[in-house]
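Novice: Have a look at this one.
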Amino acid sequence: MIIIMKPNASDEAVAKVTGLVESKGLQVHLSKGAEVTIVGVVGDKSKLHGSNIEISEGVDKIVNVTESYKLVNKKFHPEDSTIPVGNTSIGPGNITVMAGPCAIESREQLLETAAAVRKAGASFLRGGAYKPRTSPYSFQGLEEEGLKYMKEAREATGLNVICEVTSAHAIEAAVKYVDMLQIGARNMQNFELLKEAGKSGVPVLLKRGLSATIDEWLNAAEYIISEGNPNIVLCERGIRTYETSTRNTLDISAIPVIRAKSHLPVIADPSHATGVRAYVEPLAKAAVAAGADGLMIEVHPCPSCALSDGPQSLTFEQFDTLMNDLRPFAQLVGRSL
Ligand code: PEP
Ligand code: MN
């Protein structure tokens, strides 16, 4: 439930309400907006029976939050969150572009890509060091060696760097080298991994599961935030449908739905959503138009030589063109790119 304070409620009145809630063994999450203060309550609210909280000084009303996700819920935190990561922040006002290869294949491949995406205007370098491949015989990633190249690329370019983590062991290694952890579609409901990512305190990009509903996705984010890590960004990367012309189907509607249900930023990944290079640009534009806070785009120095996801990867030149084409779209929605 949330306790909505009156617009003129004093700090003392807010402190009295939070003190009362905490004295019953419940958790309080305070959201102080420009207009109104909301006291979010997590726990068994029946413990508040008889406490007459609704008639406490400064209380406007009490609203029940029926969704099982609370801390990521917009009702708990009506203002959109901005998530600080590395030397930038993700959220309202910006289009954050994360670009790079599907997998880190070599030092040269990564450094060359980092320089190219930096020049084109990306603020993050992406690249997998632990690859969750469909086949166990496919390239599985360079693991810690790849993470070291990521750090080197960050030092060389000033880009923020993000890598997928697939296990608690990978988190332990990645936190030494990267600015942001990525939890991939296949692990969206790996609850132990979500808890570990929450405990790491490092910002997390949480991709939507291949067949996950939006509420399941938000509950996955709740696992991370409930461990004390509020720095979460969501990523819509396409869902499984009956359509076979594209690898997945980009659920554009997820962007405004997330906006309505959660305060967390949401970005889109048209590369994994389509699996087809030619469709990346139109869907990147559609995502920006729909209100996305950013994009994740796969870029490779030689897509036809890529060890994974070559068909959806852009060349450096194509990525540069995409960035130039996106700028007016970003401007139209009042964001900088
Ligand atoms: C990736 O970003 O490289 C990846 C594997 O994506 P997803 O988890 O969305 O399939
Ligand atoms: Mn990929």
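Novice: If I go through region 183-201 residue by residue, how many of them are open to solvent by 10 Å² or more (accessible area, probe 1.4 Å), in contact with a helix residue (DSSP H, G or I) (Cβ under 8 Å, 6 or more places away or on another chain) and more than 16 Å from ligand 1 (Cβ to nearest atom)?
Specialist: Selection size over region 183-201: 5.
Novice: Inspect all residues belonging to region 81-89 and state whether any of them is modelled with pLDDT of 95 or more and over 30 Å from Pro328 (Cβ atoms). Write out each step before concluding.
Specialist: Just the residues of region 81-89 that are modelled with pLDDT of 95 or more, to begin with: 81-89.
Now restrict to residues that are over 30 Å from Pro328 (Cβ atoms): none.
No, region 81-89 contains no residue that is modelled with pLDDT of 95 or more and over 30 Å from Pro328 (Cβ atoms).
Novice: Do we find that Pro84 is open to solvent by 60 Å² or more (accessible area, probe 1.4 Å), under 30 Å from Thr321 (Cα atoms) and either within 21 Å of the chain's Cα centre (by Cα) or among the aromatic types (Phe, Trp, Tyr) (or both) in this structure? Steps first, please.
Specialist: Working: open to solvent by 60 Å² or more (accessible area, probe 1.4 Å): yes; under 30 Å from Thr321 (Cα atoms): yes; either within 21 Å of the chain's Cα centre (by Cα) or among the aromatic types (Phe, Trp, Tyr) (or both): yes.
It is true that Pro84 is open to solvent by 60 Å² or more (accessible area, probe 1.4 Å), under 30 Å from Thr321 (Cα atoms) and either within 21 Å of the chain's Cα centre (by Cα) or among the aromatic types (Phe, Trp, Tyr) (or both).
Novice: Another one. Is it true that some residue in region 95-114 is buried (at least 18 other Cβ atoms within 10 Å of the Cβ), in contact with a Lys or Arg (Cβ under 9 Å, 6 or more places away or on another chain) and not hydrophobic (A, V, I, L, M, F, W, C)?
Specialist: Looking for residues that are buried (at least 18 other Cβ atoms within 10 Å of the Cβ), in contact with a Lys or Arg (Cβ under 9 Å, 6 or more places away or on another chain) and not hydrophobic (A, V, I, L, M, F, W, C), one finds at least one in region 95-114, hence yes.
Novice: Next question. List the number of the failed condition for Leu48; all other conditions in (1) outside the structural domain of Ser10 (by TED's automatic domain parsing); (2) open to solvent by less than 20 Å² (accessible area, probe 1.4 Å); (3) farther than 23 Å from Asn8 by Cα hold.
Specialist: Here Leu48 clears every test but (1).
Novice: Test each condition in (1) more than 15 Å from the chain's Cα centre (by Cα); (2) within 27 Å of Asn324 (Cβ to Cβ) for Ser167 and report the one that comes out false.
Specialist: (2)
Novice: Further question: So, in region 35-73, exactly how many residues are touching a residue at least 60 places away in the same chain (Cβ under 8 Å) and part of a loop (DSSP other than H, G, I, E, B)?
Specialist: Of the residues in that region, 8 qualify.
Novice: Continuing with the same structure: Considering Ala330, Ala289, Ala278, Ala284, which residue is closer than 20 Å to Leu205 by Cα and small (Gly, Ala, Ser)?
Specialist: Going through Ala330, Ala289, Ala278, Ala284 in turn, just one is closer than 20 Å to Leu205 by Cα and small (Gly, Ala, Ser): Ala284.
Novice: Kindly provide the set of residues from region 2-34 that are part of a loop (DSSP other than H, G, I, E, B) and either of a type in the set (Lys, Arg) or open to solvent by 20 Å² or more (accessible area, probe 1.4 Å) (or both), ordered by number.
Specialist: Within region 2-34, Lys6, Pro7, Asn8, Ala9, Ser10, Lys24, Gly25, Gly33, Ala34 qualify.
Novice: Against the definition (in the same structural domain as Ser304 (by TED's automatic domain parsing), open to solvent by 10 Å² or more (accessible area, probe 1.4 Å) and closer than 18 Å to Ala268 by Cβ), how does Glu164 come out, yes or no?
Specialist: Yes: the conditions hold for Glu164.
Novice: Between a first residue in region 133-144 that is under 15 Å from Glu164 (Cβ atoms) and a second residue that is charged (D, E, K, R) and open to solvent by less than 90 Å² (accessible area, probe 1.4 Å), which pairs have beta carbons less than 6 Å apart while being 6 or more apart in sequence or on different chains?
Specialist: Cβ pairs passing all conditions: Gln140/Lys131; Gly141/Lys131.
Novice: So which residues in region 167-182 are open to solvent by less than 20 Å² (accessible area, probe 1.4 Å) and of a type in the set (Val, Ile, Thr), if there are any at all?
Specialist: Listed by number, the residues that qualify are Ile171, Val178.
Novice: OK, next. Take the residues in region 273-330 that are more than 23 Å from Val85 (Cα to Cα) and among the charged types (D, E, K, R), then tell me which one is surrounded by the fewest Cβ atoms within 10 Å (Cβ to Cβ).
Specialist: Checking each candidate, the answer is Glu317.
Novice: Among the residues of region 237-260, count how many are more than 15 Å from ligand 2 (Cβ to nearest atom), open to solvent by less than 30 Å² (accessible area, probe 1.4 Å) and not hydrophobic (A, V, I, L, M, F, W, C).
Specialist: Number satisfying all stated conditions: 1.
Novice: May I pose another question? Hey, among Tyr137, Tyr130, which residue is open to solvent by 50 Å² or more (accessible area, probe 1.4 Å), in a loop (DSSP other than H, G, I, E, B) and more than 30 Å from Ala330 (Cβ to Cβ)? Walk me through how you get there before you give the answer.
Specialist: Values: Tyr130 fails: open to solvent by 50 Å² or more (accessible area, probe 1.4 Å).
After ruling out the rest, the residue left standing is Tyr137.
Novice: When region 74-96 is examined, which residues are found to be more than 28 Å from Thr18 (Cα to Cα) and part of a loop (DSSP other than H, G, I, E, B)?
Specialist: If the condition is that a residue be more than 28 Å from Thr18 (Cα to Cα) and part of a loop (DSSP other than H, G, I, E, B), then Gly86, Asn87, Gly91, Pro92, Gly93, Ile95 are the ones that fit.
Novice: Are there helices (runs of 4 or more DSSP H) fully within region 261-337 with at least 3 residues that are away from ligand 2 (no atom under 13 Å from the Cβ) and either under 27 Å from Val72 (Cβ atoms) or touching a strand residue (DSSP E or B) at 6+ places or on another chain (Cβ under 8 Å) (or both)? List them. Steps first, please.
Specialist: Details: elements: 270-274, 277-290, 316-332.
The qualifying helices (runs of 4 or more DSSP H) are 277-290, 316-332.
The values are calculated or read from the model by the stated rules, or taken from the named source; none is laboratory data. Keep in mind that what you see is a predicted model, and the values were worked out from it rather than measured. Reconstructed Cβ throughout: ideal geometry from the backbone, glycine too, with neighbour counts over all protein chains shown. Note: areas computed on protein heavy atoms with side chains; ligands, DNA, RNA excluded. Shrake-Rupley method; radii C 1.70, N 1.55, O 1.52, S 1.80 Å.
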